[in-house]
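The values are calculated or read from the model by the stated rules, or taken from the named source; none is laboratory data. These numbers come from a predicted model, not from an experiment. Using ideal geometry, Cβ is built from the backbone for each residue, glycine included, and neighbour counts are taken over all protein chains shown. When the accessible area is computed, the model is the full protein with side chains, heavy atoms only, and any ligands, DNA or RNA have been set aside. Shrake-Rupley method; radii C 1.70, N 1.55, O 1.52, S 1.80 Å.
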Amino acid sequence: MMSQNNVAKPIAEKRLGFTVVLHLFLILGASAIPEGRFFFWLAINLGVEALIIFRVLTMWNRYKHETKRYYSIQVYWMLIGFSIFTTMPFVRMSYGTAAFWPLLIGTILLFLLGHLWKESIGEVFVNPRKVKQLVMWPTALAGIVIIGIVIMAVLRIKSVHPNVGIVVFLYMLGVFSIFIANPFSLSEERIEKLKGE
């Protein structure tokens with residue numbers, strides 16, 4: 001029993017370390033692009049990351065004896081952080097233009113929509129009868145990658161700001177990860193029910 005606890009704890013810490021390293025890398029990019037007020041945005045992003053880490057540690061304390069549940073919640077917060085830090089540069093870049101408020105409101109609505117659809121999305125991943133719908137997710141990701149590359153190439157040719165293409169591409173990946181993240185917040189009991197529905 002003691003050896004199992006000793007083995008499980010480092011794995012949890014390693015996974016949390018990966019989440020923190022990934023988020024810190026994204027935080028630096030989200031604070032630097034677009035240029036200007038790096039330290040102001042770095043402080044805001046680190047504040048958001050502190051809330052995420054606090055939530056993950058709270059969940060670890062609550063579910064440390066239910067490793068599946070804890071890892072599921074940790075993946076949820078990892079992907080939510082990824083979504084926040086990859087969508088932020090495009091929203092910031094649009095500040096001062098007519099697109100800012102529609103883009104900001106639209107992004108917030110996408111986060112809410114991903115949360116509201118979490119059971120429907122989760123069902124696609126766990127219910128054997130939804131296999132045909134499951135194939136759509138990798139296809140959608142491949143489509144986002146192709147569209148992102150095309151957008152980056154077109155914007156390079158048009159000689160706009162060099163970061164616009166990558167910011168748009170990251171925004172699309174961030175929106176995609178919103179919808180992937182939310183099913184991980186479902187409880188095991190709810191997932192078992194979705195398997196049979």
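Only one residue in 134, 103, 170, 112 is surrounded by fewer than 16 Cβ atoms within 10 Å (Cβ to Cβ) and at pLDDT 80 or above, so which one is that?
Details: 134 fails: at pLDDT 80 or above; 103 fails: surrounded by fewer than 16 Cβ atoms within 10 Å (Cβ to Cβ); 170 fails: surrounded by fewer than 16 Cβ atoms within 10 Å (Cβ to Cβ).
Criteria check complete, one pass: 112.
When residues in region 1-45 are screened for being in a helix (DSSP H, G or I), open to solvent by 80 Å² or more (accessible area, probe 1.4 Å) and at pLDDT 60 or above, 8 of them pass.
Residues in region 71-100 that are surrounded by fewer than 21 Cβ atoms within 10 Å (Cβ to Cβ) and of a type outside the set (A, V, I, L, M): 71, 72, 92, 94, 95, 96, 97, 100.
Of all residues being more than 30 Å from residue 167 (Cβ to Cβ) and loosely packed, with under 11 Cβ neighbours inside 10 Å in region 46-65, which is modelled with the lowest pLDDT? Just the residue, please. Before the answer, list the steps.
Taking region 46-65 as the starting set, the residues that turn out to be more than 30 Å from residue 167 (Cβ to Cβ) are 57-65.
After this cut, where a residue has to be loosely packed, with under 11 Cβ neighbours inside 10 Å as well, the list is 61, 65.
Working: 61: 78, 65: 75.
This residue is 65.
Just give me the residues in region 115-127 being open to solvent by 60 Å² or more (accessible area, probe 1.4 Å), in contact (Cβ under 8 Å) with a residue 60 or more places away in the chain and in a helix (DSSP H, G or I), in sequence order. Break it down into steps so the answer makes sense when it comes.
Step one: filter region 115-127 for residues open to solvent by 60 Å² or more (accessible area, probe 1.4 Å), giving 115-117, 119-120, 125.
Imposing the further condition that a residue be in contact (Cβ under 8 Å) with a residue 60 or more places away in the chain reduces the set to 115, 117, 119.
Correct list: 115, 119.
Residues in region 23-69 that are farther than 23 Å from residue 177 by Cβ and not polar (S, T, N, Q): 11 in all.
Residues that are part of a helix (DSSP H, G or I) and over 29 Å from residue 191 (Cα atoms) do not occur anywhere in region 67-85.
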